[in-house]
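This report concerns only the one structure given below.
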Amino acid sequence: MNSVFEVQKTIREILLKVLDNHSLEQLNKIPEGFTNNLIWNIAHCVSSQQVLIYKLSGLPTMVSEEFIAKYRKGTKPEGDVSQAEVDEIRALLSSTLDQVQRDYANNIFVTYTEYLTSMGFLLKDIEGALSFNNYHEGIHTGIIMSIRKFV
């Protein structure tokens, strides 16, 4: 599983660089032809990771239900995100990765509720969820790279 965590670490480092290299205005801008922005996509990665890994394992998440609801699949930005929220999201990119690695090493993922993703992939266990999460974050990293060209 080390390679799965290394992939996620690489993705999260890319997302941190996006935060570091864009102004608050750029992070919040929704370019024409898009339905969301840089910061929504980054926060969505955190929110989805928490749902795919923790909620479906029957475990508490590191983020609030409000955070999950704000950035869940099918949502879009309802207004600009503040610098304080960006700072929280920045911290969560690292802390959620570190925590899932510790929790996996400590074997806390005992049960998993099967989940059929919108792409038709059936998640059956924590290993599948961790792998799929990387795929999902990779998709959103690609979207982020596209949005960057227009902000």
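The values are calculated or read from the model by the stated rules, or taken from the named source; none is laboratory data. Just so it is clear, the structure is predicted and the values come from calculations on it, not from any experiment. In this analysis, Cβ positions are derived from the backbone assuming ideal geometry, glycine residues included, and neighbour counts consider all displayed protein chains. These accessible areas exclude ligands, DNA and RNA; they are computed on the full protein's heavy atoms, side chains included. Shrake-Rupley method; radii C 1.70, N 1.55, O 1.52, S 1.80 Å.
Quick notes on this structure:
- Its residue count N fixes a reference of 2.2 N^0.38 Å for segment 22-77, and the Cα radius of gyration divided by that reference is 1.24.
- Computed from the C-beta positions of Ser118 and Ser3 and an R0 of 35 Å, the FRET efficiency is 0.90 to the nearest 0.05.
- Å² per residue, accessible surface of the chain at 1.4 Å: 52
- Across Lys9/Lys70; Lys9/Lys149; Lys17/Lys76; Lys29/Lys55; Lys17/Lys73; Lys124/Lys149, pairs whose alpha-carbon gap is larger than 26 Å: Lys29/Lys55; Lys124/Lys149
- Computed over protein heavy atoms with a 1.4 Å probe, the carbon and sulfur contribution to the accessible area of segment 24-151 reaches 54%.
- Ratio of Rg to Rh over the chain (Cα coordinates, Kirkwood Rh, two decimals): 0.95
- When you restrict to C-alpha pairs under 8 Å that are six or more residues apart and normalise by the size of the chain, the relative contact order lands at 35 percent.
- Loop exposure criterion: trypsin sites (Lys or Arg not before Pro), DSSP state outside H, G, I, E and B, at most 15 other Cβ atoms within 10 Å. Applied to the chain, the longest stretch between such sites is 1-71.
- Net charge of neighbours whose Cβ lies under 13 Å from the Cβ of Ser23, counting Lys and Arg as +1 and Asp and Glu as -1: -1
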